[in-house]
């Protein structure tokens with residue numbers, strides 16, 4: 001594998017910074033399109049795949065072969081229960097569990113790569129410095145307005161509105177789940193920030209004020225968690241023709257808020273990626289749990 005030199009890293013960061021708005025718009029468009037395509041595939045293809053898999057699991061010969069592989073009786077019973085659990089989860093819960101595992105793996109990779117002497121750490125600092133040279137005050141001022149979509153007070157207000165709406169619609173269990181998911185996600189980010197205690201990038205402008213540690217980004221994780229949760233609930237309570245649009249808008253907001261933190265130089269690139277990864281893992285686990293409960297109620 002060819003490892004870029006420090007000069008190449010700095011040159012790449014400078015090139016990206018000189019086209020920062022275009023890169024942000026392209027990433028937003030790509031993220032929205034990929035999310036819409038993924039959701040379309042889940043809606044169209046996954047149920048048939050899951051039904052075929054479930055039929056395979058329910059065949060007596062498959063279960064007998066699985067149990068014969070076990071040397072102890074209680075292990076065999078546990079594995080039989082695992083087969084039943086797999087049939088019970090449903091496709092959406094299963095996809096959520098997979099997403100959580102991938103997000104956790106991505107977060108751990110980022111933790112190993114953010115060392116100052118590492119390539120990602122060098123790129124972080126080079127990109128932040130280059131953005132300070134290339135972005136005008138007008139652009140920074142506009143981004144300072146956009147980034148408020150990830151402010152804690154706004155996300156807390158949206159979370160509270162979600163919980164109250166569900167509570168008064170008599171979906172009490174779902175309301176409590178959303179409350180714990182939102183509060184727990186914020187607590188998780190705070191704990192991670194203090195654990196890693198990474199200093200923020202050095203910046204010269206004063207268009208936005210920040211405090212505390214940098215890794216992971218609270219705006220990135222909070223927007224992923226709250227807007228992702230809101231998108232999930234909209235999809236859950238609306239007809240299918242609204243689902244693609246909901247996914248596109250949700251992803252666009254999440255990417256743009258996270259990108260604004262990088263361009264404002266209040267977070268490194270890896271901070272935002274880690275915020276997305278940690279919040280995705282947390283949110284996916286809660287969505288998986290809520291889908292299991294919904295499937296159990298339906299059955």
_Residue order, fewest to most surrounding Cβ atoms within 10 angstrom, among 134, 267_ = 134, 267
*Measuring from the lowest to the highest alpha carbon on each principal axis, how far does the range 85-213 reach, largest first, in angstroms?*
53, 33, 25
*Taking Rh as the Kirkwood radius computed over C-alpha pairs, what is the Stokes-Einstein D of the range 151-258 at 4 °C in a medium of viscosity 1.567 mPa s, expressed in µm² per second?*
85 µm²/s
*asked:* Take residue 153 and residue 187, extend 7 Å from each Cα along the Cα→Cβ direction, and tell me the distance between the two endpoints in nm.
replied: 2.5 nm
*Starting from the Cα of residue 165, move 7 Å in the Cα-to-Cβ direction to define the label point; list residues of the range 192-232 whose amide nitrogen is under 14 Å from there.*
226-232
_Which of 227, 213 has the fewest Cβ neighbours within 10 Å, and the rest in rising order_ = 213, 227
*Between residue 125 and residue 113, how many nm apart are label points set 7 Å from Cα along the C-beta direction?*
1.8 nm
*In nanometres, what is the gap between the two model label sites at residue 180 and residue 33, each 7 Å from Cα along Cα-to-Cβ?*
4.0 nm
*What list do you get for 290, 224 if you sort them by fewest beta carbons within 10 Å?*
290, 224
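Throughout, read-outs are computed from the coordinates displayed, never taken from laboratory work. Bear in mind that the values here come from a model prediction, so they are computed numbers and not experimental data. Cβ sites come from the backbone with ideal geometry, for glycine too, and all protein chains shown count toward neighbours.
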